[in-house]
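Colleague: Pasting a structure here, questions to come.
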Amino acid sequence: MTPTQKKQVWHVPKKNKLDVSPKKAENLSYEIAEYNVCKKKKRSVCYDPRPQSFISQGKEWATTVRNKVINYCSLSQKRIGLCGILDSANMQDVIHDHDYLPFPLHHQLILNKISVTPDSAKEIEKKTKNQTKTKLWHTERSFRVTASRVGEICKFTAKKDQEKYAQSLICNKKIVSTALEWGKSMETTAIEAYEGKTGKKVERCGLYVSVQYPFIGASPDGLIGDNKILEVKCPYSIKDEMIGSNNYFHLEHDLQLKETSNYYYQIQTQLLVTGRDCCDLFIWTNVDEKIINVKKNDSFIQNIIIPRVKAFFFQFMLPKIAKNMYDC
């Protein structure tokens, strides 16, 4: 007989495997558990290897460890595994707790970050020899006033929005123009022309950072010997003309660089940071080239460049960097 030929038994209850008799609902008894009371104390399955003296220290010890880890990571710019389970520091509270410092704490952290020793400055220069092609070059520049900007900064008037200018330096937005593209594309050609004209070898270099004034940096176009730098200019406005004071306003009538020119400020800053004494400014066009020797002007550097750049950095640029990094 097949299963379909048998009488269905779906409605028949299964046999009770427990030795109990059925009861009516009205005869059932209910036990209500007492709220918030554990009948049986559960044994902890978490092993804590710490001595009892450490376990009993509680939240105070945990707070101390957290603060030490956060401070270490902030000052060393390193990250350890424990950071993954810790909340971020509240910078507003941290700053308030350190209001006795000569600078706000978040400003001091930036100053600590950009300060360099002679060895670390050499390491930065060595790693940034490819300049614009190197990520580190862009990063280190974003914390500093660089030589190409010094002329503008030293000439600021009360009408200039210096906060906006400082923000533009930090953001490091790429500026695109025909003149800049021409200058970049012709730089190598100009350096080769300089080497051919003088017989001197030009050594490429990276970003120099001042040990004494670590908020100032400079990237010359090259080094010549032990005491000279090279700065190359390929002016697009006169790219097919002879070079003279009548068409290149940076020059005096005797073809010397004007002290009012932003290029003069740039070169003096480069000489300050590199520790060298003179610069060959090489101006190149398709039909002409000129070498202008610029000597280091210590009085100009000490009385004009350093105080004005320092004032701009601490008053406008440092607060912007701190705000971007710590949002306060």
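Colleague: Could you work out the relative contact order of the chain, using alpha carbon pairs under 8 angstrom and six or more residues apart, expressed as a whole percent?
Modeller: Here the relative contact order equals 17 percent.
Colleague: Taking the Cα centre of the range 223-314 as the origin and placing charges on Cβ (Lys, Arg +1; Asp, Glu -1), which of 255, 229, 269 is farthest toward the positive end of the dipole?
Modeller: Farthest along the dipole direction, towards plus: 269.
Colleague: For the chain, build the charge dipole from Cβ charges (+1 Lys, Arg; -1 Asp, Glu) around the Cα centre, then report which of 110, 238, 53 sits farthest towards its positive end.
Modeller: 53
Colleague: Starting from the 7 Å offset along Cα-to-Cβ, what nm value, one decimal, do you get for the label separation of residue 108 and residue 252?
Modeller: 4.8 nm
Colleague: Dividing the convex hull volume of the alpha carbon atoms of the range 172-230 by its residue count, what do you get in Å³ per residue?
Modeller: 99 Å³
Colleague: Hey, what number do you get for the chain at 222 nm if only DSSP H runs of n ≥ 4 count, each worth -39500 (n - 2.57), divided across all residues, to the nearest 500?
Modeller: For the chain, the value works out to -11500 deg cm²/dmol.
Colleague: Take residue 78 and residue 126, extend 7 Å from each Cα along the Cα→Cβ direction, and tell me the distance between the two endpoints in nm.
Modeller: With each label placed 7 Å out from Cα toward Cβ, I get 2.0 nm.
Colleague: Related question: Does anything in the range 274-290 have its amide N under 17 Å from the 7 Å Cα→Cβ label point of residue 198, and if so which residues?
Modeller: Counting backbone N atoms under 17 Å from the label point, the list is 274-285, 289-290.
Colleague: Here is a follow-up. When you take every Cα atom in the range 241-283, what is the radius of gyration, and what is Dmax, the widest Cα pair distance, in Å?
Modeller: Every Cα atom of the range 241-283 included, Rg and Dmax give 11.4, 35 Å.
Colleague: Rounded to whole Å and sorted largest first, list the principal axis extents of the Cα atoms in the range 178-328.
Modeller: Taking the Cα atoms of the range 178-328, the three principal extents are 53, 34, 29 Å.
Colleague: Any of 173/197; 133/239; 122/164; 164/310 with alpha carbons more than 29 Å apart? Name them for me.
Modeller: 173/197; 122/164
Colleague: Please get the size of the charge dipole for the range 117-326, origin at its Cα centre, with Cβ charges of +1 on Lys and Arg and -1 on Asp and Glu, quoted in debye to the nearest 20.
Modeller: I would put it at about 900 debye.
Colleague: In addition: What does the convex hull of the Cα atoms come to per residue for the chain, in Å³?
Modeller: Hull volume over Cα atoms, normalised by residue count, gives 407 Å³.
Colleague: Same structure, new question: Helix 58-76 sits at what angle to the longest principal axis of the chain, using alpha carbons and giving 0 to 90 degrees rounded to 10?
Modeller: The angle comes out at about 30 degrees.
Colleague: Just to confirm the number: angle between the C-alpha axis of helix 105-114 and the first principal axis of the chain, 0 to 90 degrees, nearest 10?
Modeller: Helix 105-114 sits roughly 60 degrees off the main axis of the chain.
Colleague: Also, quick follow-up: Against the longest principal axis of the chain, how steep is helix 162-171, in degrees 0 to 90 to the nearest 10, with axes from Cα atoms?
Modeller: 70 degrees
Colleague: Using the per-residue mean of other Cβ atoms lying within 10 Å as a proxy for protection, in what order, highest first, do the peptides 218-226, 235-243, 78-86 fall?
Modeller: The most tightly packed comes first, giving 218-226, 235-243, 78-86.
Colleague: Taking 0.36 nm per residue of separation and subtracting the Cα-Cα distance, what length does fully extending residue 12 through residue 304 add?
Modeller: 94.7 nm
Colleague: If packing is taken as the mean number of other Cβ atoms within 10 Å per residue, what is the order of 174-182, 302-310, 61-69, highest first?
Modeller: Top of the packing list down: 302-310, 61-69, 174-182.
Quick note: the coordinates plus some simple rules give every number you see, no bench work behind them. Small disclaimer: the values here were computed from a predicted structure and weren't measured. A quick note on method: Cβ atoms are made from the backbone with ideal geometry, for glycine too, and the neighbour counts reach across all protein chains shown.
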